1. Determine the alpha carbon to alpha carbon distance for each of K156/K210; K66/K210; K175/K273; K210/K270 and list only those over 24 Å.
2. Tell me which lysines have Cα within less than 19 Å of K266's Cα, excluding those fewer than 8 residues away on the same chain?
3. S132: accessible area at probe 1.4 Å, nearest 10 Å²?
4. What ratio of Cα Rg to 2.2 N^0.38 Å holds for the stretch 1-68?
5. Would you mind getting the Kirkwood hydrodynamic radius of the stretch 225-306 from its Cα pairs, rounded to one decimal in Å?
6. How big is the chain on each of its three principal axes, counting only the C-alpha atoms and giving the largest first in Å?
7. Can you give me the % of accessible surface on the chain that is carbon or sulfur? Probe 1.4 Å, all protein chains present, nothing else counted.
8. If you average 1/r across every pair of different Cα atoms in the stretch 63-111 and take the reciprocal, what Kirkwood value do you get, in Å?
Amino acid sequence: MAERVAQLRADGIAKRLVQEGRGPLPDYCDGTKATFHYRTMLSDGECRLLDDSRERGKPMELIVGKKFKLPVWETILCTMREGEQAEFLCDTKHVVLYPLVAKSLRNIAAGKDPLEGQRHCCGIAQMHEHHSLGYPDLDALQQNPQPLIFAIEMLKVEAPGSYRQDPWAMTDEEKMQAVPLIHEEGNELYRQGKVAEAAAKYYDAIACLKNLQMKEQPGSPDWIQLDLKITPLLLNYCQCKLLCHEYYEVLDHCSSILNKYEDNVKAYFKRGKAHAAVWNTAEAQADFAKVLALDPSLGPAVAKELRSLETRLRQKDNEDRIRFKGIFSQ
């Protein structure tokens, strides 16, 4: 271990052991999965915190040999045992891309598309292309690169073949093979009433396909074929979000579908329900009218939604009258 620490120091990485790990040092051959918590701090004397995986409620996972965008993480993780806690001070040369990596991880934690706003180019090109990353602290770090401190707690190390890979770690071929399986897992969770878990599965399947779609020319046959696979998954995701009362996300996604496929009945129906839920009465009625025009057989379902909307509107009017009566009678 002393030799490994010396090698790190020679490469501009200083390791400080905080807590010993257990067992022998894992082999860390390609395909090994490391699960860990991390904190990222500035080396400014105050150790100001940039990111903390515990605050997001989920540890980080990294597959050795998958060319993660921040290679220094793989370097330092491969010196750690399960249960070990350590701090690593890394020279600027190792952490230039951290702002971009942190942006993607924050977007994922917030439920956003981690690939949003990115083109198929290298990290350095992306840094120069985008003026702002959307996070002031990351913008400041991007403009003034400096050494960073990573406080790592190694939770678990799994050998290749002993776990199922997360979508981001798969090859293109593995992603295509995994999508139908992930889709069906989502469907089964939905049937069991586990709506949030089903939404997460649909999101993973969408992420696989969007990653592949990024590599195709927009509008090309391959791009369109992938988009046609994304659309039903996105509609399933929207159904879950409707049940979770996340209506504005449903509005955004259904509108994006209808911008490309203006005859998609399911998108109109789900968007109509979302509009109704947020009191966009005229928009809801217009969407339900479009549903009837495209598929008259859905008349009973549309009538049910319109009756529900009318009932809610009457209740709201009554509540408003009582509220305003109380105000004006004072």
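The values are calculated or read from the model by the stated rules, or taken from the named source; none is laboratory data. Keep in mind that what you see is a predicted model, and the values were worked out from it rather than measured. All Cβ positions, glycine included, derive from the backbone under ideal geometry; neighbour counts span all protein chains shown. For accessibility, only protein heavy atoms count, side chains too; no ligands or nucleic acids. Shrake-Rupley method; radii C 1.70, N 1.55, O 1.52, S 1.80 Å.
1. K156/K210; K175/K273
2. K229, K241, K290, K304
3. Spelled out: S132, probe radius 1.4 Å, area about 60 Å².
4. After normalising by residue count via 2.2 N^0.38 Å, the value is 1.31.
5. Kirkwood hydrodynamic radius for the stretch 225-306: 12.5 Å.
6. Projected onto the principal axes, the Cα atoms of the chain cover 74, 60, 40 Å.
7. Result for the chain: 53 percent of the exposed heavy-atom area is carbon or sulfur.
8. For the stretch 63-111, inverting the mean 1/r across all distinct Cα pairs yields 12.3 Å.
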